[in-house]
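**Q** Got a structure for you, questions after.
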Amino acid sequence: MQELAIVTPQNDVDVFRLIDDAWEPAAETSRHALWPTARPGGLWTVSRATPEETALVVGDAAVVEGSRTDPPVLMGPRLPHYALWSPGGHALCYVVPDGRSLSLKVAWPESGEVRVLLSGAPLFPAWLGNTGWLLCHHGPTLSAFNVETGEQRVLSNSASGFRTAACSSDGTLVAWAEVRDGAVHLMAGRFGDEPTEVGRFGGGLALAFRPGTGQVVAAVAESPETGVFGELLSLDFTGAEPHRLLRGPVVAFWWDPTGDRIASLHPTYSGDGRFQVRLHSADGRFLRATDGFIPSNDTATEVSFFDQYALSHPLWSEDGRWFGAAGRFQKDGPHASFTGANADVAWVWDTLAGSPITELGRGQLVVFGRS
């Protein structure tokens, strides 16, 4: 059964289930928490944050990490932890505040074992498929940790961009950006082999492999300082010319899990901060789009680090049919800026039917489950 979770304005996590093509609330699963993410095969992991404590919890009661401070120590606004399950669901990697830095840890909830891998800031982890290897971009270094054997490797000492490395779904290929000689170099190759320079650019990169393939897509910024990308390019390792999938400006993109389509987020230039989700085929052909909306605070965090949160808090359903997010749409009547109302809604979009969005209720965040 397909599930998704939303975070309400009251900071409750509510789970919905797909029943007869409709998303229905499962009231018994509600809990006071933030940032739900699904363990593959079942159970939701949530972050609790109160004035007295923070806790990372699996299911209803299994506390992986807890801290009692007054006030609670957070990584950022509304962000007590960052959690990322391994594709097989056997291990949980997570990032927590540690004094004036951050710590990357891995936990095995069944045994209760927790291991600290490194401290630093910022930290951008990614699992290399279901191989047991965990990659982390920290500072200028890209490291790899085998969480089963304890082996460690340094893949790069000049990684750049405050972005996570891209890993192919079969756990064989890795891609990342490096800064050398006044340029940004896209490096890619088989894990464990010497990487190949696939492209050279003047601005920052955000990377993702097309699911089920060795095709890497790069969002290319015009300068290292901007978070707006001018184009999406498809590249391979053969030296062939890059293929432009999309023209910008684009601020985020997400492959659907089947690799058939790609969703991208574009500014609407309406003057009030609205963005539009546009749907394209795998070769860049435009299909359809949503109305413009202003992302909620939590969704804006997802967008700012979309390559990272696409791994942990997916906006696509597992079958590639539904896309979801949270924010406010402009409707009849006074604009929310004048009324002071919290108009953020959690919504889903049936991308195959092309129907209008469906509102699930007031909400800050939408996260799809994984079986």
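**Q** Consider residue 199 carefully, then state whether it is closer than 24 Å to residue 283 by Cα and modelled with pLDDT under 95. Don't jump to the end; show me each part of the working.
**A** On the way: closer than 24 Å to residue 283 by Cα: yes; modelled with pLDDT under 95: yes.
Criteria met by residue 199.
**Q** Residue check: is residue 163 basic (Lys, Arg) and without any contact (Cβ under 8 Å) to a residue 40 or more places away in the chain?
**A** On the way: basic (Lys, Arg): yes; without any contact (Cβ under 8 Å) to a residue 40 or more places away in the chain: no.
No: the conditions fail for residue 163.
**Q** Are any residues in the stretch 73-92 crowded, with 20+ Cβ neighbours inside 10 Å and in contact with a helix residue (DSSP H, G or I) (Cβ under 9 Å, 6 or more places away or on another chain), and if so, which ones?
**A** The answer is 82, 83, 84, 85.
**Q** Select from the stretch 189-205 the residues that are touching a Ser or Thr at 6+ places or on another chain (Cβ under 9 Å) and over 13 Å from residue 171 (Cα atoms) and list them in ascending order.
**A** 195, 202, 203, 204, 205 - these are the residues of the stretch 189-205 that are touching a Ser or Thr at 6+ places or on another chain (Cβ under 9 Å) and over 13 Å from residue 171 (Cα atoms).
**Q** State yes or no: is residue 245 touching a Pro at 6+ places or on another chain (Cβ under 7 Å), farther than 30 Å from residue 83 by Cβ and at pLDDT 95 or above?
**A** Working: touching a Pro at 6+ places or on another chain (Cβ under 7 Å): no; farther than 30 Å from residue 83 by Cβ: yes; at pLDDT 95 or above: yes.
In short, no.
**Q** Then there is this: If you scan the stretch 209-229, which residues turn out to be under 18 Å from residue 240 (Cα atoms) and in a strand (DSSP E or B)? First the steps, then the outcome.
**A** To start, the set of residues in the stretch 209-229 that are under 18 Å from residue 240 (Cα atoms) comprises 209-210, 213-220.
Within the stretch 209-229, 209, 216, 217, 218, 219, 220 meet the criteria.
**Q** Going by the structure shown, is residue 26 more than 24 Å from residue 113 (Cα to Cα), out of contact with any helix residue (DSSP H, G or I) (no Cβ under 9 Å at 6 or more places or on another chain) and free of Cβ contacts under 8 Å to residues at least 40 places away in the same chain? If you could, list the steps in order and put the result at the bottom.
**A** Numbers: more than 24 Å from residue 113 (Cα to Cα): yes; out of contact with any helix residue (DSSP H, G or I) (no Cβ under 9 Å at 6 or more places or on another chain): yes; free of Cβ contacts under 8 Å to residues at least 40 places away in the same chain: yes.
In short, yes.
**Q** Moving on. Of the residues that make up the stretch 150-158, is at least one surrounded by fewer than 22 Cβ atoms within 10 Å (Cβ to Cβ) and touching an Asp or Glu at 6+ places or on another chain (Cβ under 8 Å)?
**A** Here is the first cut: in the stretch 150-158, the ones surrounded by fewer than 22 Cβ atoms within 10 Å (Cβ to Cβ) are 150-158.
Checking which are touching an Asp or Glu at 6+ places or on another chain (Cβ under 8 Å) leaves us with 156, 158.
Yes - at least one qualifying residue is present in the stretch 150-158.
**Q** Just to be sure, is residue 161 modelled with pLDDT under 95, at positive phi and touching a Leu at 6+ places or on another chain (Cβ under 7 Å)?
**A** Working: modelled with pLDDT under 95: yes; at positive phi: yes; touching a Leu at 6+ places or on another chain (Cβ under 7 Å): yes.
So residue 161 passes the test.
**Q** If you go through the stretch 250-269 one residue at a time, how many are assigned to a strand (DSSP E or B), among the hydrophobic types (A, V, I, L, M, F, W, C) and within 14 Å of the chain's Cα centre (by Cα)? Write out each step before concluding.
**A** Let us first name the residues in the stretch 250-269 that are assigned to a strand (DSSP E or B), namely 250, 252-255, 261-267.
Adding the requirement that they be among the hydrophobic types (A, V, I, L, M, F, W, C) leaves 250, 252-255, 262-263, 265.
If we keep only those that are within 14 Å of the chain's Cα centre (by Cα) too, we end up with 252-255, 263, 265.
Total satisfying the criteria: 6.
Every residue, every condition in (1) among the acidic types (Asp, Glu); (2) in contact with a Pro (Cβ under 7 Å, 6 or more places away or on another chain); (3) surrounded by 15 or more Cβ atoms within 10 Å (Cβ to Cβ), yes or no:
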{"position": "111", "(1), (2), (3)": "no, no, no"}
{"position": "124", "(1), (2), (3)": "no, no, yes"}
{"position": "128", "(1), (2), (3)": "no, no, yes"}
{"position": "131", "(1), (2), (3)": "no, no, yes"}
{"position": "142", "(1), (2), (3)": "no, no, yes"}
{"position": "148", "(1), (2), (3)": "yes, no, no"}
{"position": "171", "(1), (2), (3)": "no, no, yes"}
{"position": "175", "(1), (2), (3)": "no, no, yes"}
{"position": "183", "(1), (2), (3)": "no, no, no"}
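**Q** A follow-up question, please. Name the one entry in 14, 70 that is of a type in the set (D, E, K, R), in a loop (DSSP other than H, G, I, E, B) and either surrounded by 12 or more Cβ atoms within 10 Å (Cβ to Cβ) or modelled with pLDDT under 90 (or both).
**A** On the way: 14 fails: in a loop (DSSP other than H, G, I, E, B).
Of 14, 70, the one residue that is of a type in the set (D, E, K, R), in a loop (DSSP other than H, G, I, E, B) and either surrounded by 12 or more Cβ atoms within 10 Å (Cβ to Cβ) or modelled with pLDDT under 90 (or both) is 70.
**Q** Only one of 5, 49 is modelled with pLDDT of 90 or more and aliphatic (A, V, I, L, M); which? First the steps, then the outcome.
**A** On the way: 49 fails: modelled with pLDDT of 90 or more.
Just one listed residue meets the conditions, 5.
**Q** Okay, moving on. Could you please give the count of residues in the stretch 360-371 that are under 20 Å from the mean Cα position of the chain (by Cα) and either closer than 14 Å to residue 22 by Cβ or assigned to a strand (DSSP E or B) (or both)? Full working, then the answer.
**A** Quick first cut of the stretch 360-371, residues under 20 Å from the mean Cα position of the chain (by Cα) only: 363-371.
Retained after the next criterion (residues that are either closer than 14 Å to residue 22 by Cβ or assigned to a strand (DSSP E or B) (or both)): 365-368.
Qualifying residue count, the stretch 360-371: 4.
**Q** Related question: In the stretch 205-220, how many are under 20 Å from residue 266 (Cα atoms) and either touching a Leu at 6+ places or on another chain (Cβ under 7 Å) or surrounded by fewer than 17 Cβ atoms within 10 Å (Cβ to Cβ) (or both)?
**A** Selection size over the stretch 205-220: 5.
**Q** Do you know which residues across the stretch 187-208 are closer than 19 Å to residue 131 by Cβ, part of a loop (DSSP other than H, G, I, E, B) and of a type in the set (Gly, Ala, Ser)?
**A** Residue satisfying the conditions is 192 alone.
**Q** Cβ-Cβ below 9 Å, separation at least six or inter-chain, first residue in the stretch 321-349 and under 21 Å from residue 279 (Cα atoms) and of a type in the set (S, T, N, Q), second surrounded by fewer than 18 Cβ atoms within 10 Å (Cβ to Cβ) and modelled with pLDDT under 80: which pairs?
**A** 330/336
**Q** Let me ask something else. Of the residues that sit in the stretch 284-304 and are free of Cβ contacts under 8 Å to residues at least 24 places away in the same chain and not charged (D, E, K, R), which one is farthest from residue 353 (Cα to Cα)?
**A** First, pick out the residues of the stretch 284-304 that are free of Cβ contacts under 8 Å to residues at least 24 places away in the same chain: 285-286, 289, 300.
Checking the rest, the ones that are also not charged (D, E, K, R) come to 286, 289, 300.
Values: 286: 15, 289: 12, 300: 26 Å.
By that ranking, first place goes to 300.
**Q** Quick check on the stretch 41-65: of everything there that is in contact with a strand residue (DSSP E or B) (Cβ under 7 Å, 6 or more places away or on another chain) and either polar (S, T, N, Q) or more than 18 Å from residue 112 (Cα to Cα) (or both), which residue is surrounded by the fewest Cβ atoms within 10 Å (Cβ to Cβ)?
**A** Narrowing the stretch 41-65 to residues in contact with a strand residue (DSSP E or B) (Cβ under 7 Å, 6 or more places away or on another chain): 43-49, 52-58, 63-65.
Then keep just the ones that are either polar (S, T, N, Q) or more than 18 Å from residue 112 (Cα to Cα) (or both); that gives 45, 47-49, 52-54.
On the way: 45: 24, 47: 25, 48: 21, 49: 22, 52: 11, 53: 15, 54: 22.
Ranking the qualifying residues of the stretch 41-65, first place goes to 52.
The values are calculated or read from the model by the stated rules, or taken from the named source; none is laboratory data. Since we're looking at a predicted model, the values are computed, not measured. No Cβ is skipped: glycine too gets one built from the backbone with ideal geometry, and neighbour counts run over all protein chains shown.
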